[in-house]
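Visitor: Before I ask anything, here is the structure I am working with.
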């Protein structure tokens, strides 16, 4: 017994307690629910069986019902549009800004740091602000676009079915851009200066230097940033209730918000769980890419 | 253009870019100071004609923000306490050893980091319902949100512990400290700043937590400020100066902390997120 306590204080037991407490907590509140989610997607869940663990099995009926739902393909399309345009926008703008702020001028680091406020703000507040900027009648974005001569008539960003998904995409690009920029800046700073000097001596122009030095040297950073962008976009939820609530007529609905609507608006927990499982498969693919691109650093 | 002017020229561009990027924030504050009729002026005014601060106290009392903000502080404190208490030790062990098991643990944590809250909320809600935890909704939200926040915290704090020289800890052990002693007397004080920054980040992000609170807490007196904001926000909202005043009261403390600690937060993030 004394040896046991001694190990707690001074040996491997100490490490096991430290790591074990967190692991047990995470398993109970993240691992277990994940398994439970998969179980629920194969069960019939209604108000009467909500309190039971062993409910009548439903086989694949939940999956069939979700895929056959009239909005399924629309939501799938929206999810893909939302994820890929958000990622592309965040990455391209983030990379351009990172390249710009990599120049040597006074205050570069401080001003770059200011961009990160978008990342610490509550998602719902960001949604509220953009909801007002994008308002159709009195929104300031329409005024600016009109003054610049880009549009003739105001665009009803949130209520026009052709634009509703783009309203959320714009807000999401704004939200995620700064984090992308910050991570890419770190990658840029790690490229040795003398590579550029040597290339310059060899007569390479700015574009050639970018193409043959910056991009290859940034490969693992870009991989990590893109997969973190994918994960972050799939996690995005708060902007939807704040901006469009998935409407009008599901034209801005995505998988994550749809799953929540199923469970908490329609109280159809089985279908909510089913959509969640489908989405989880997507996230799994993204995270395998992410872990692979950070692996050399994980192995230290 | 001659060489010495280039940096100042770049600085001017940088300031313009920052102004464009931060315009939404400016617009929030300006709108909140406008009168009810001025917000619908066409074209909109970019500076309020008659800045009116009285909307702040009126929104504060009308929307019972005192309760909402207090609940947000409670939930964020609970999440931060659990995350720091459990996450710090875990990050320390993951930083200290290299083995297959440690790699596996780290892999699991990276996987948990990516689970969307919208995927987790359905099973969590049904599970909490079966356990009776829904009768203590704020506790339920704290537990769920802590599980969401912890993986990110562990990844960041692990990077901090990696930067503490191993030799210092070994020297303490040779001097007769136990592992516990070396951990509390040597390693923790050296990693204190990094842990503090990560704890503040955790607090800020759970201060804005929305999806779990919205789904789990039905009682208005226990809801946090994010749910309170959603109460008068929707595709057809029009009470914009009140909404913006509410938002401004809600985010100004976060923004103030961020601006004060900007340098530390940025360096804490960059050391952890990619390593």
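Bear in mind that the values in this text are calculations on the coordinates, not laboratory data. These numbers come from a predicted model, not from an experiment. Cβ coordinates were reconstructed from backbone atoms using ideal geometry, including for glycine residues, and neighbour counts include every protein chain displayed.
Visitor: Once the principal axes of the Cα atoms of chain A are found, what is the range along each, listed largest first in whole angstroms?
Guide: Largest to smallest, the principal-axis extents are 74, 72, 30 Å.
Visitor: Label point 7 Å out from residue B:180 along Cα-to-Cβ: which residues of the stretch A:22-42 have amide N under 18 Å?
Guide: Residues A:22 qualify, since their backbone N sits under 18 Å from the label point.
Visitor: Quick check: Cα centre of the stretch B:31-54 to Cα centre of the stretch A:16-76, how many Å?
Guide: 48 Å
Visitor: Using just the helices of chain A, give the 222 nm mean residue ellipticity in deg cm²/dmol: DSSP H runs with n ≥ 4 each add -39,500 (n - 2.57), and the total is spread over all residues, rounded to 500.
Guide: -21500 deg cm²/dmol
Visitor: Residue by residue through A:228-237, how many Cβ atoms from other chains fall within 10 Å of the Cβ on average?
Guide: Neighbouring Cβ atoms belonging to other protein chains average 4 per residue here.
Visitor: Then there is this: For n ≥ 4 DSSP H runs only, could you compute -39500 (n - 2.57) per run for chain B, divide by its residues and tell me the 222 nm figure to the nearest 500?
Guide: About -24000 deg cm²/dmol.
Visitor: Relative to 2.2 N^0.38 Å, what does the C-alpha radius of gyration of the protein assembly as shown come to as a ratio? Two decimals please.
Guide: Cα-based Rg divided by the globular estimate yields 1.01.
Visitor: How many angstrom lie between the C-alpha centres of the stretch A:232-289 and the stretch B:114-157?
Guide: Spelled out, the Cα-based centre of one part sits 17 Å from the other.
Visitor: For a footprinting-style exposure proxy, rank A:181, A:47, A:87, B:108 by other Cβ within 10 Å, fewest first.
Guide: The most exposed by this proxy come first: A:47, B:108, A:87, A:181.
Visitor: Then there is this: In whole angstrom, how long is each semi-axis of the equivalent ellipsoid of the stretch A:38-77, when you take the square root of 5 times every eigenvalue of its Cα gyration tensor and sort them from largest down?
Guide: 24, 10, 8
Visitor: Separate question: How would you classify the stretch B:103-192 from its alpha-carbon gyration tensor, with a ≥ b ≥ c the square roots of the eigenvalues: rounded for a/c under 1.5, else prolate if a/b is greater than b/c, otherwise oblate?
Guide: Cα axes put the stretch B:103-192 in the prolate bin.
Visitor: Kirkwood-based Rg over Rh for the stretch A:1-159 (C-alpha set), two decimals?
Guide: 1.16
Visitor: Sort all Cα-Cα distances of chain B into consecutive 10 angstrom bins from zero, then give the percent of pairs in each bin up to the one containing the longest distance.
Guide: All Cα pairs considered, the percentages come to 6, 21, 26, 23, 15, 7, 2, 0.
Visitor: Please find, in a Gaussian network model of chain B (springs between Cα atoms separated by less than 10 Å), the residue of B:213, B:54, B:247 whose mean-square fluctuation is greatest.
Guide: Among B:213, B:54, B:247, the largest mean-square fluctuation in the Gaussian network model of chain B belongs to B:54.
Visitor: GNM, chain B, Cα, under 10 Å: largest mean-square fluctuation among B:182, B:199, B:147?
Guide: Of B:182, B:199, B:147, the Gaussian network model singles out B:182 as fluctuating most.
Visitor: Given contacts defined as C-alpha pairs under 8 Å and at least six residues apart, what's the relative contact order of chain A, whole-number percent?
Guide: 26 percent
Visitor: Could I ask something else about it? In whole Å, what are the extents of the stretch B:1-78 along the principal axes defined by its C-alpha atoms, from largest to smallest?
Guide: 59, 42, 16
Visitor: With a Cα-only, solvent-free Debye model of the stretch B:152-201, what are the log10 I(q)/I(0) values at q = 0.23 Å⁻¹?
Guide: For the requested q values the scattering log ratios are -0.80.
Visitor: Oh, and also: Can you give the mean number of other chain Cβ atoms that lie within 10 Å of the Cβ atoms in peptide B:209-216?
Guide: Mean partner shielding for this stretch: 4.
Visitor: Note the angle between two axes, namely the Cα long axis of helix B:137-162 and the longest principal axis of the Cα atoms of chain B, as a number of degrees from 0 to 90, rounded to the nearest 10.
Guide: 60 degrees
Visitor: I need two numbers for the stretch B:187-250: Rg to one decimal and Dmax as a whole number, Cα atoms only, in Å.
Guide: Spelled out, the Cα radius of gyration and Dmax of the stretch B:187-250 are 16.4, 54 Å.
Visitor: What is the fewest-to-most order of B:173, A:234 by other Cβ atoms lying within 10 Å of their Cβ?
Guide: Going from least to most buried by this count: B:173, A:234.
Visitor: As I understand it, the value is the acute angle between the Cα axis of helix B:117-131 and the longest principal axis of the Cα atoms of chain B; what does it come to in degrees, rounded to 10?
Guide: Between helix and principal axis, roughly 70 degrees.
Visitor: Using a 10 Å cut-off on Cβ to Cβ distances, tally the other chain neighbours for every residue of B:253-265 and report the average as a whole number.
Guide: 3
Visitor: Okay, moving on. At a Förster radius of 45 Å, what calculated FRET efficiency corresponds to the Cβ-Cβ distance of residue B:221 and residue A:69, to the nearest 0.05?
Guide: It comes to 0.75.
Visitor: Would you look at the GNM of chain A, springs on alpha carbons closer than 10 Å, and say which of A:13, A:31, A:89 moves the most?
Guide: A:13
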